[in-house]
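Note sheet for the following structure.
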Amino acid sequence: MITINNKIAKITGSVLLSLLGVAGVKGQPLMNGQVTVRNLFVSHSDDKLFISMDIDVSGLEVKSNREVIFTPVLASDDNTLSLPAVLIAGRNRYYHHLRNDNLRPATTQIYRRSDVSVVEYRTVVPYEKWMNTSKLVTLNEVCGCCDETLAGENEPLLALRLEPKAFVPSYIYIRPKAEPKINVLEGSAYIDFPVNRTEIHENYRRNPVELQKILSTIDAVRNDADTRIISVSIKGYASPESPYSNNERLAMGRTKTLKEYVRKQYNFADMQFITDYEPEDWAGLERYVESSSLDNKAGILALIRSNMDPDAKERSIKTAFPKEYAFLLKEVYPGLRHSDYAVKYEVRAYTDVEEIKRLIKTQPQKLSLNEMYLAAQEMEIGSEEYNETFDIAVRMFPDDEVANLNAANIAMSRGSLKSAERYLQKAGDSPQAIYARATLAALNKDFDTAEKMFEEAVRKGMPDAEKMLRQIEEIR
């Protein structure tokens with residue numbers, strides 16, 4: 001057995017568990033098959049390289065006055081390190097070395113051929129980074145008397161790959177379902193009506209601007225050849241000053257008047273209109289007060305949120321907090337008299353990939369997830385264009401599970417693991433989402449969590465997860 005330093009060579013089991021190693025083939029023939037190297041293994045810890053092999057010399061023929069020297073060597077493009085040698089000698093050469101033990105390095109182990117069948121070679125040397133991708137070869141020399149070299153050759157044993165084995169993910173994207181593209185454009189208009197009246201005066205105060213806001217929203221859809229208006233909805237609100245019954249009359253009447261005004265501009269059929277009204281916009285008042293720095297804010301909010309009927313609630317605020325009520329009446333209540341409107345429309349389907357690519361850059365709101373995915377299939381995987389397509393998809397559909405799952409895969413492929421984690425929070429619990437979370441755990445080197453999730457993905461019908469489990473097993 002080769003022993004450089006007994007203390008160094010005694011590597012405990014706990015250290016061996018932390019070694020990064022590579023094994024050779026089961027049997028490596030040398031010297032035309034006379035010698036066989038078995039159980040070859042090279043590994044390293046933080047600062048040591050450990051090499052072990054069994055050198056079977058049972059088939060080696062060595063004459064009495066000759067010897068065979070095996071010198072393992074680590075070699076890279078720029079570095080070489082000769083390891084302790086093994087010398088197998090015939091009878092006369094063996095005794096010659098015993099009498100002249102200064103002729104060889106002290107680390108050379110000498111065996112008489114007739115006394116040995118297998119040499120258990122073990123050695124430890126200081127580890128250096130260049131060894132990670134070096135080659136282990138052996139210089140085999142046949143020598144005669146007077147140390148005359150009769151023959152010599154280098155034979156390869158093993159190509160080292162000692163870097164830690166990295167997890168290599170395989171990303172699985174989901175093709176979104178093809179669905180009708182129903183979109184909505186929304187806004188609020190603040191139409192001024194005469195006090196206690198429901199008729200519209202087009203040129204009264206800011207009415208020209210506010211009415212145009214509604215018409216412009218409708219025109220943006222109506223003038224687009226790719227879209228079809230499904231409905232226009234209007235909901236009118238009055239402010240909370242009492243009496244409630246009068247506010248209900250005003251909200252209902254003003255909503256009806258505004259609907260008729262808009263309908264006449266386009267000759268829309270009645271069936272395309274949806275109307276509703278809110279007699280008093282207490283929700284809007286609550287939002288304002290909650291975000292304000294009003295004195296007695298907590299007390300006002302408590303009254304707003306109480307179960308009192310609207311008129312009693314309004315009187316209580318006016319009585320308990322007169323200064324704040326006066327401010328609200330003048331500065332806030334006018335903004336609570338508004339009409340919310342929405343244009344619901346359908347966008348035609350796109351099948352031409354080049355057209356979809358153009359729209360991704362110019363009008364992504366017209367596209368469905370399915371159409372974006374269709375275009376991505378014609379792009380180079382991992383290209384800037386490919387990645388950007390999935391980024392845009394999740395921006396346009398921020399709460400969609402499929403969009404978030406695909407975006408998480410893109411983020412992981414870029415190394416943006418924090419972004420991937422954020423997307424996966426909204427990716428749902430499909431087998432693909434579980435697989436993606438397992439992939440993220442593995443990339444974060446949390447292999448225990450990754451293993452459990454990949455096993456769950458396997459149970460839920462994800463065969464690719466089995467390949468990932470094998471990777472984790474190899475890494476460990």
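The values are calculated or read from the model by the stated rules, or taken from the named source; none is laboratory data. All values reported here derive from a predicted model rather than from experimental measurement. FYI the Cβ positions are ideal-geometry reconstructions off the backbone, even for glycines, and counts take in every protein chain you see.
Please find, among Ala420, Ala441, Ala408, Ala427, the residue that is outside any helix (DSSP H, G or I), under 14 Å from the mean Cα position of the chain (by Cα) and either within 27 Å of Glu473 (Cα to Cα) or not charged (D, E, K, R) (or both).
Working: Ala420 fails: outside any helix (DSSP H, G or I); Ala441 fails: outside any helix (DSSP H, G or I); Ala408 fails: outside any helix (DSSP H, G or I).
Of Ala420, Ala441, Ala408, Ala427, the one residue that is outside any helix (DSSP H, G or I), under 14 Å from the mean Cα position of the chain (by Cα) and either within 27 Å of Glu473 (Cα to Cα) or not charged (D, E, K, R) (or both) is Ala427.
From the list Ile381, Ile392, exactly one residue is aliphatic (A, V, I, L, M) and loosely packed, with under 15 Cβ neighbours inside 10 Å. Which is it?
Answer to the selection: Ile381.
Looking at this structure, is Val262 in contact with a Ser or Thr (Cβ under 7 Å, 6 or more places away or on another chain), in a helix (DSSP H, G or I) and buried (at least 17 other Cβ atoms within 10 Å of the Cβ)?
no
Those residues that are among the aliphatic types (A, V, I, L, M) and free of Cβ contacts under 8 Å to residues at least 12 places away in the same chain, I need them from the range 439-476; list them, please.
If the condition is that a residue be among the aliphatic types (A, V, I, L, M) and free of Cβ contacts under 8 Å to residues at least 12 places away in the same chain, then Val458 is the only one that fits.
Please return the ranges of helices (runs of 4 or more DSSP H) entirely within the range 303-364 where 1 or more residues are closer than 20 Å to Glu241 by Cβ, among the hydrophobic types (A, V, I, L, M, F, W, C) and more than 51 Å from the chain's Cα centre (by Cα).
Those helices (runs of 4 or more DSSP H) span 310-320, 322-327.
Yes/no per residue for (1) of a type in the set (Phe, Trp, Tyr); (2) at pLDDT 90 or above; (3) assigned to a loop (DSSP other than H, G, I, E, B):
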| site | (1), (2), (3) |
| --- | --- |
| Phe193 | yes, no, yes |
| Thr198 | no, no, yes |
| Ile214 | no, yes, no |
| Asp219 | no, yes, no |
| Asp224 | no, yes, yes |
| Ser233 | no, yes, no |
| Arg249 | no, yes, no |
| Arg254 | no, yes, no |
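Only one of Val42, Val37, Val73, Val62 is β-branched (Val, Ile, Thr) and in a loop (DSSP other than H, G, I, E, B). Can you tell me which?
Val62 is the lone residue from the list that is β-branched (Val, Ile, Thr) and in a loop (DSSP other than H, G, I, E, B).
With the structure loaded, tell me whether Tyr94 is part of a strand (DSSP E or B), of a type in the set (Phe, Trp, Tyr) and surrounded by 14 or more Cβ atoms within 10 Å (Cβ to Cβ) or whether it fails that test. I'd like the intermediate steps shown before the answer.
Working: part of a strand (DSSP E or B): no; of a type in the set (Phe, Trp, Tyr): yes; surrounded by 14 or more Cβ atoms within 10 Å (Cβ to Cβ): yes.
No: the conditions fail for Tyr94.
Condition check ((1) in the same structural domain as Asp309 (by TED's automatic domain parsing); (2) under 16 Å from Gln272 (Cβ atoms); (3) not charged (D, E, K, R)) across all residues:
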| site | (1), (2), (3) |
| --- | --- |
| Pro194 | yes, no, yes |
| Tyr204 | yes, no, yes |
| Leu211 | yes, no, yes |
| Ile214 | yes, yes, yes |
| Ala225 | yes, no, yes |
| Glu241 | yes, no, no |
| Leu250 | yes, no, yes |
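Given the options Pro105, Pro72, name the one that is within 60 Å of the chain's Cα centre (by Cα) and modelled with pLDDT of 90 or more.
That would be Pro72, the only listed residue that is within 60 Å of the chain's Cα centre (by Cα) and modelled with pLDDT of 90 or more.
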